[in-house]
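Step one of this worksheet: look at the structure below.
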Amino acid sequence: MQGLEFRSLGGPEANKNRNPRCYRGVTLDSGDHLGASWLQVLDQLDEAVIVLDHQRVLRHVNQAARRLLGYEEGQPVGGRCRLTTRGVDCENACPLTFALETGLETVQNFATVYHSIDGRALHLDVTIIPLADAAGEFRGAVEILRPNQPRPGFFTCGRSETALGMRQRVAELAGRNCDLILVGERPSCLDVARTIHRFSGLPDELFNTWGGCWDDPTPWPPGTVFAYGHGVFSEVDESRPEGWRVIVGMPTLKGDLDGLEIWELPPPAEFGSDLTRMIGAWVAEIAPDKSVSAAALERLVLMAGENGLEKVERTLAIALAAASDRIDLDHLPVDGHRTALVDELMKTGNPLAALEEMVLREVVERCGWRMQEAAECLGISRVTLWRKMKDLGIERNS
């Protein structure tokens with residue numbers, strides 16, 4: 001770039017004796033400071049690159065970035081960066097602002113979500129390189145955009161045509177941001193709802209399960225709320241905060257659902273060999289610190305195909321509580337009733353109290369001994385949790 005020197009804004013020379021918040025900007029324009037040769041170089045890159053001036057106005061968008069953002073050949077691209085990219089972090093956590101305020105040479109792989117011209121959510125790792133002139137004054141920035149697809153849930157993680165079609169449907173629904181009715185078992189509906197939420201570009205912290213009233217989620221910023229059961233959509237829809245999306249799962253289609261998007265999820269038996277991958281991913285998601293043996297996984301897959309995911313969910317809850325670091329056949333039902341956990345509990349003088357202690361201790365430890373969080377997970381008040389722990393003799397150092 002003629003007249004422009006690539007210089008770190010984070011080095012000691014560039015930041016010496018000046019506040020990095022206060023830059024005297026000089027316009028970076030294609031006529032004087034961004035030579036045609038540099039434009040040609042950028043357009044030959046496979047990676048998406050955009051160039052901003054000191055006022056954060058787009059001065060160049062290379063061909064790869066145009067394709068990524070959905071702009072056709074010859075279609076004008078310009079204006080303020082945030083108005084073009086419509087990033088979810090532009091207002092409150094802009095990586096360029098962070099680089100300028102801290103004096104960093106670069107901000108690498110900042111995970112964020114931009115939106116294409118047609119509204120699609122683009123999950124990206126963005127690298128920001130601030131540019132300075134020879135005097136160390138901020139002149140603009142280069143952004144490198146690398147797609148980073150969000151992780152799908154266990155129900156859509158397979159490799160079959162069925163799973164691929166489901167991920168495509170998820171991406172399409174995520175871009176539309178419409179309310180949705182999912183038909184299927186609760187575990188599959190919940191997982192697909194969370195995946196749609198992730199693909200829409202929102203963090204997991206803004207995904208909530210319906211607790212009976214709108215007092216549970218924080219009204220702002222808006223996110224997604226999931227509920228399960230017949231007739232709950234009208235309950236959730238009533239007095240919902242502005243901007244919130246409602247996804248309701250139900251075992252069968254029932255009630256007045258006119259005007260709502262409906263998606264009937266395939267049963268586990270239709271996934272074939274993908275079912276092994278799904279159950280393995282489910283275990284890894286529920287308990288990332290535990291594994292499952294090949295024999296146990298085979299039995300869980302058989303159970304899912306014959307009895308459905310709700311049976312597997314109940315079985316996994318017991319197996320994970322009994323297993324130390326790996327789920328084995330001994331932790332799973334043989335005939336649908338017998339489990340190793342119950343056998344162990346029956347050896348104690350009070351099996352029900354032993355079970356309650358095991359569950360309370362496991363949940364509290366998973367929550368890092370944060371009592372309010374553990375109480376919410378258990379569906380009880382913090383006072384009740386403290387009382388039960390005292391009665392059972394559960395202490396942090398025990």
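Some values worked out for this structure:
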read-out	value
The lone exception for Gln63 - which of (1) modelled with pLDDT of 85 or more; (2) in contact with a strand residue (DSSP E or B) (Cβ under 8 Å, 6 or more places away or on another chain); (3) not hydroxyl-bearing (Ser, Thr, Tyr) it fails	(2)
Residues that are under 17 Å from Val126 (Cα atoms) and touching a residue at least 24 places away in the same chain (Cβ under 8 Å), drawn from region 65-77	Ala65, Leu68, Leu69
Out of Arg169, Arg186, Arg151, sole residue that is under 30 Å from Ala99 (Cα atoms) and not aliphatic (A, V, I, L, M)	Arg151
Pick from region 92-112, criterion touching a residue at least 24 places away in the same chain (Cβ under 8 Å) and hydroxyl-bearing (Ser, Thr, Tyr), ranking: most open to solvent (accessible area, probe 1.4 Å)	Thr102
Number of positions in region 196-216 that are in a loop (DSSP other than H, G, I, E, B), out of contact with any helix residue (DSSP H, G or I) (no Cβ under 8 Å at 6 or more places or on another chain) and surrounded by 12 or more Cβ atoms within 10 Å (Cβ to Cβ)	5
Neighbours by Cβ (under 9 Å, 6+ apart or cross-chain): first from region 264-283, farther than 25 Å from Val248 by Cβ; second part of a helix (DSSP H, G or I) and of a type in the set (Ser, Thr, Tyr)	Gly272/Thr162; Asp274/Thr162
Among the candidates Ile128, Ile117, residue that is in contact with a helix residue (DSSP H, G or I) (Cβ under 7 Å, 6 or more places away or on another chain), open to solvent by 10 Å² or more (accessible area, probe 1.4 Å) and among the aliphatic types (A, V, I, L, M)	Ile117
Residue pairs meeting the criteria (Cβ under 7 Å; at least 6 apart or on separate chains; first at pLDDT below 90, in region 133-148; second outside any strand (DSSP E or B) and of a type in the set (Lys, Arg))	Gly136/Arg7; Glu137/Arg24
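The values are calculated or read from the model by the stated rules, or taken from the named source; none is laboratory data. What you see is a predicted model, and the numbers here were worked out from it, not measured in a lab. Neighbour counts run over all protein chains shown; Cβ positions are idealised from the backbone, glycine included. Ligands, DNA and RNA are excluded from the accessible area calculation, which covers all protein heavy atoms including side chains. Shrake-Rupley method; radii C 1.70, N 1.55, O 1.52, S 1.80 Å.
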